[in-house]
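Working notes, structure below.
Derivation of every value follows stated rules applied to the coordinates shown; laboratory data play no part. Keep in mind that what you see is a predicted model, and the values were worked out from it rather than measured. Cβ atoms come from the backbone with ideal geometry, glycine included; neighbour counts cover every protein chain shown.
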Amino acid sequence: MRTILISGASRGIGRAIAERALEDGHRISIGIRNPKDIEGTKLDPEISGSDKVVVSKYEAEISRDAKDWIEKTRSAFNTFDSIIHCAGIFKRTGLLFADSEYEDIEKLWRVNVIGPWLLTRDSWSELCKSTSGRVIILASMSGKRSKGKLAGYTMSKFAIMGLSQTIRNEGWDKGIRVSTICPGWVNTDMSLGVKSINRIDMTQPKDIASICSNLLELPNSCIPFEIAVNCNLESNT
């Protein structure tokens with residue numbers, strides 16, 4: 001059994017991952033923007049039990065939120081050994097952005113890159129207590145190639161891939177293993193406007209949850225760093 005911090009678990013991929021982790025018998029600590037979003041669901045501690053689920057308000061942009069969430073988790077579970085970074089935002093900011101879109105670029109950077117960085121940094125001492133710590137990062141195929149004109153989003157995803165490699169380097173001798181999952185289109189709210197592929201043919205959130213479930217069970221000697229997930233043909237990945 002693991003004790004896992006999961007960010008962005010109120011909907012979509014994050015919720016599917018959290019629900020699967022709970023079904024697998026792990027203890028989970030959820031950091032989400034609005035805790036009311038999971039009231040009445042199986043992720044609600046009132047339903048699944050406070051001995052299995054902790055919920056904390058977490059905005060990836062606010063460094064104090066990460067510290068408060070970690071302390072709340074320590075108080076409830078004493079320690080934790082894994083983090084799954086699911087929190088992220090999507091903006092269609094292009095290369096030739098308008099001045100009014102500059103804040104969107106900064107927000108992409110703060111949420112998609114600095115947020116996971118701060119949470120990992122502040123969790124490091126706990127991850128190091130285990131000889132098999134896990135850090136799983138939901139990146140994107142946009143972190144492996146630029147396809148289209150999403151300059152801001154792609155920039156942030158390339159950056160998180162680079163950061164992930166350094167996290168792996170820093171944690172390797174401490175038994176911490178890092179995996180980045182890079183899906184293309186997933187059937188979530190983010191892909192509502194996509195017309196090039198039917199939603200039923202997209203990767204489903206539960207499929208990503210199954211990958212995470214497997215990663216949490218594998219030994220240190222068999223952890224892939226990068227998993228590209230395709231729902232349509234991308235011959236260079």
Using label points projected 7 Å from each Cα along Cα→Cβ, tell me how many nm separate Asp189 and Asp201, to one decimal.
2.6 nm
Cα-based Kirkwood hydrodynamic radius, region 65-127, one decimal, Å:
13.5 Å
Give me Lys144, Lys174 ranked fewest to most by other Cβ atoms within 10 Å of their Cβ, as a rough exposure proxy.
Lys174, Lys144
In vacuum, with every alpha carbon of region 1-94 counted as one equal point scatterer, what does the Debye formula give for log10 I(q)/I(0) at q = 0.17, 0.19, 0.20, 0.26 Å⁻¹? Two decimals, please.
-0.65, -0.80, -0.89, -1.53
Between Ile47 and Lys67, 0.36 nm times their residue separation minus their Cα-Cα distance comes to what?
4.6 nm
Using the C-alpha atoms of region 130-223, what convex hull volume per residue, in cubic angstrom, is computed?
106 Å³
Please grab the % of Cα pairs in the chain that end up more than 28 Å from each other.
27 percent
From the square roots a ≥ b ≥ c of the eigenvalues of the alpha-carbon gyration tensor of region 1-54, which class results: rounded (a/c under 1.5), prolate (a/b over b/c), or oblate?
oblate
